[in-house]
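The values are calculated or read from the model by the stated rules, or taken from the named source; none is laboratory data. Values in this document were obtained by computation on a predicted structure and should not be read as measured data. Note that we place each Cβ from the backbone using ideal geometry, even for glycine, and neighbour counts take in every protein chain shown. These area figures cover heavy atoms from the full protein model, side chains too; ligands, DNA and RNA do not enter into them. Shrake-Rupley method; radii C 1.70, N 1.55, O 1.52, S 1.80 Å.
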Amino acid sequence: MLLSPLVLLLVLVIGMMIGSIGIGGVLQVPVLHFLGGVPIHAVIPACMLAYLLPGIVGGLVYHRHGSLHGPSARQVCLGAVPGALLGAWLLPHAPGLILETLIALLILFSGVDALVRRGRGSGDGDGLGATGYVAAGFFTGTICALTGAGGPLVLVPVLVWFRVPVRVVVGLGQVIQIPISLMATGWNLHKGIVDLELGLWLTAVLSVGVLAGGWAAHRLAESKLKMAVALLLTLVGAMMLIRLAVF
């Protein structure tokens, strides 16, 4: 499927946002659907496929810079696998509106909380402990499978709320995309609903953006990166609530 230069540029910017502050994938579905004219049922499976390689690229970038907390990464991914299975099983029975509202409130409150206490120090990266990181991964996998949300959109506000250092948060947001993308794409391929051409285009453009965003993130001061995450969380949460209220 041929995408316009404007849509490709926006996908590149979204990749840079994912690579630098961990959040941005939430914008990809509306960009492709409303600006690119791609049917919604083709967009979601293609996006899930497209998150796999950028998750690997982002994880490697953060690992290279020493910002990927290895034990925590393994723990959130371990939790994400059964969480995604549970979410897929619950999907036919879940009230979507309630779930989307809860996610929007989580994102908004996490952003506001981070803004309010932006002057305080953050944790040491191990504040949740092994059980806490597995639980965060399980929660993220479940919610993503239920709503189609990207992994960082759910995981980042959860970890920000518990004051995990922002670069550790963003790095974990990269790698949790891998198990969720693998599971969702495997199921979608089995059902024959993946537009491989679209998925590969998105993979290539997003990967370049994530690489550039990850490079930029490690050249920003921790305080500026934390402020960017907090502001975007607040904005995205508010926009989601407005959309739910209007539509």
Seminar exercise, completed: Conditions (1) open to solvent by less than 60 Å² (accessible area, probe 1.4 Å); (2) within 21 Å of VAL156 (Cα to Cα); (3) touching a residue at least 12 places away in the same chain (Cβ under 8 Å) -> LEU78 fails only (1)
Exercise. Hey, ALA221 hits all of (1) touching a helix residue (DSSP H, G or I) at 6+ places or on another chain (Cβ under 7 Å); (2) of a type in the set (A, V, I, L, M, F, W, C); (3) loosely packed, with under 15 Cβ neighbours inside 10 Å but one; which does it fall short on?
Worked result: (1)
Exercise. Out of (1) more than 24 Å from LEU189 (Cα to Cα); (2) part of a helix (DSSP H, G or I); (3) among the hydrophobic types (A, V, I, L, M, F, W, C), the odd one out for LEU68 is which?
Worked result: (2)
Problem set entry | Residue check, GLY83 out of contact with any Cys (no Cβ under 7 Å at 6 or more places or on another chain), assigned to a helix (DSSP H, G or I) and within 13 Å of VAL169 (Cα to Cα) | no
Exercise. Given segment 161-247, what helices (runs of 4 or more DSSP H) lie entirely inside it while holding 2 or more residues that are over 25 Å from LEU106 (Cα atoms) and over 15 Å from the mean Cα position of the chain (by Cα)?
Worked result: 177-191, 196-217
Exercise. So is LEU49 under 26 Å from PRO165 (Cα atoms), of a type in the set (A, V, I, L, M, F, W, C), open to solvent by 20 Å² or more (accessible area, probe 1.4 Å) and part of a helix (DSSP H, G or I) or not?
Worked result: no
For this session: Within segment 1-13, track down each residue that is surrounded by fewer than 24 Cβ atoms within 10 Å (Cβ to Cβ) and not in a loop (DSSP other than H, G, I, E, B).
Result: PRO5, LEU6, VAL7, LEU8, LEU9, LEU10, LEU12, VAL13
For this session: Take VAL57 and decide whether it is among the aliphatic types (A, V, I, L, M), open to solvent by 40 Å² or more (accessible area, probe 1.4 Å), modelled with pLDDT of 85 or more and touching a Leu at 6+ places or on another chain (Cβ under 6 Å).
Result: no
Problem set entry | One residue from ALA50, ALA84, ALA73, ALA88 being under 20 Å from VAL134 (Cβ atoms), in contact with a Ser or Thr (Cβ under 8 Å, 6 or more places away or on another chain) and in contact (Cβ under 8 Å) with a residue 24 or more places away in the chain | ALA84
Seminar exercise, completed: Residue count, segment 187-196, condition modelled with pLDDT of 85 or more and either open to solvent by 40 Å² or more (accessible area, probe 1.4 Å) or of a type in the set (S, T, N, Q) (or both), comes to 6
For this session: Pull up segment 105-131, narrow it to residues that are open to solvent by 60 Å² or more (accessible area, probe 1.4 Å) and among the β-branched types (Val, Ile, Thr), then point me to the one that is modelled with the lowest pLDDT.
Result: VAL116
